[in-house]
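Report on the following structure.
The values are calculated or read from the model by the stated rules, or taken from the named source; none is laboratory data. Not measured: the values here are computed from a predicted model. Because the Cβ atoms are built from the backbone with ideal geometry, glycine has one as well, and the counts that use them run over all protein chains shown.
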Amino acid sequence: MTRRVVVTGMAGVTALGGEWAEIERRMRAGETGTRRIADWERLTDLTCKVGAPASWFVHEGRYHRQKSRSMGRVGIMAVDSVERALAQAGLTDDPVLKTGRTGVACGSSFGSTDPIRDFVHFLETGKAGGLNATSYIRMMAHTAAVNISVFFGLTGRVITTSSACTSGSQGVGYGYETILHNQADIMIVGGTEEFCPSMAMVFDRLYATSSNGNDTPESACRPFEASRDGMVTGEGAGFLILEEREHALARGATILAEVTGFATNADGAHISHPARETQERVMRQAMEMAGIGVSDIAFISGHGTATVAGDVVESQATQAVYGKDVPFHTLKGHFGHSLGACGGIEAWLGVEMLRTGWISPIANFHEHDPRCAELDYVGVGGRVIDGDYFVSNNFAFGGINTSLVFKRA
C-alpha cells in the first residue's frame, strides 16, 4: 500500500504574530512586520537599518530553566511552535512520541549568536567569561532539532537541516520522505531563526540589502517590484506535524492538508548566484512527484527575497515551468527574509491560505520589474483562490533549491 503524508498540526512565530487569525487580519489591513531597528544605529558599517523581528515573542522565562538552559531564542521559538502544533494535532503527551516512530527534521542557518560573543571574548582575551556547559549547544546549527527531540522525548530520527534559506523547506521535505519510506509515522518538521545583525551584515557585504528603505521601513522589502533595492532580514519559526494518513485517520485526527511532492537539488556552480536551469528542474520534479499539472495549482508561494538578481532569475524559472497565469505571491515583504525559518513559515501559512481560500498580496507591490518575467503577481488586496494544490519554492546560498507541493485536505 502506498503511504500518504498529511498535515495534522501547524504553528509558528512571525513578525506579525503567532496565530493565523491575527496574521491574516494584519495582512488584509496592509501591515508589514518590517521596522527600523534602533539598536542598529550604533553599527556604522551596516547599511541596512531595517529588519522584521518578532518583538512580541518573549523567550525569557517561557520555560523552566531546567528545560530551557540548552536553548537560545532560536530553540525556544522552535519548541514553543512545536508545542502548539502538537496540541492542534491532538498529540500532546501522546505515548506515540516516544515509540521511536516519531522524529524531527528541521534546521536554521545558525544557532543562537549570544554564545558566539562569549567564544569570541575567550579567543581575544583568554577569559571564559559567560561560557558554560550549554554555550555550544545553544550556538550549534542543529540546536533546534536536538532541543525539540529532548524536550518532547522523541526517540525516532533526528534530521538536521542547516542549509541557509532552504533549512525549513528541506526539513519539511525530508520529514515527508521519512514517512513515505516507512521510517516514521510522525515527523515534526520546519525551521527557525533568531534575529541578529550579523545575518543582515552577511547580505550587506554582498550589496543585497535594502538601503533606500531605511526612512520608510514598513515598505523596505518590495519583492519583484520595479523600485526594489534589496532584502530585509527577519526572524521566526514555522513547524508542521506530518503524519502517515492511515495513522492519522485511525486516531481520529483532523487532516489539514496533504504533502504530495518534494524535490531538492543543487546548482553545482556559483556559491551565491542563482541558476535558472536547476530551479526549473526542481519545480518540475516536485510537480511530477505530486502527479499534477499546472492547471491543478491554485497558487505559487515564491521565494521572492527582493534582491535584484534573485527575483529576476526566480521569475524566469517560474514562468518557464508554470506559465504566466497561476497566481503568484511571496511572504517576505510582510516578514522580511527569515532565512532558515522561511520554508517552514511559508509552508504553514500556505496551508492556512489554501484552507481559507485567500492568498495575501506581495507586500509593497505595485509594478513588476520589467526585467522580471511576466507572472500573475498578486497585488493589493490579495486574491480569492479556488483549487486543490499550492507549490512552495525556496532557494539558498550554495545553490540549493527546493520545491514542495501541498494538497487541500
Of the residues in region 37-63, those that are under 24 Å from the mean Cα position of the chain (by Cα), farther than 12 Å from SER210 by Cα and of a type in the set (D, E, K, R) number 2
ALA266: passes all of (1) aliphatic (A, V, I, L, M); (2) under 19 Å from the mean Cα position of the chain (by Cα); (3) closer than 27 Å to GLY357 by Cβ but (3)
Flagged pairs (Cβ under 6 angstrom, 6 or more apart or on separate chains; first in region 356-371, touching a residue at least 12 places away in the same chain (Cβ under 8 Å); second outside any strand (DSSP E or B) and loosely packed, with under 13 Cβ neighbours inside 10 Å) are PRO361/VAL380
Note on region 107-133: residues touching a Lys or Arg at 6+ places or on another chain (Cβ under 8 Å) and touching a residue at least 40 places away in the same chain (Cβ under 8 Å) are SER112, ASP114, PRO115
Of those in region 46-85 that are aromatic (Phe, Trp, Tyr) and closer than 29 Å to THR102 by Cβ, the residue surrounded by the fewest Cβ atoms within 10 Å (Cβ to Cβ) is TYR63
THR99 fails exactly one of (1) surrounded by fewer than 21 Cβ atoms within 10 Å (Cβ to Cβ); (2) of a type in the set (Val, Ile, Thr); (3) under 23 Å from GLN66 (Cα atoms), namely (3)
Picked from region 376-409 (must be at pLDDT below 95 and either assigned to a strand (DSSP E or B) or hydrophobic (A, V, I, L, M, F, W, C) (or both)), the residue nearest to LEU331 (Cα to Cα) is VAL380
> Quick one: would you say ARG28 is out of contact with any His (no Cβ under 6 Å at 6 or more places or on another chain) and not hydrophobic (A, V, I, L, M, F, W, C)?
Replying inline: yes
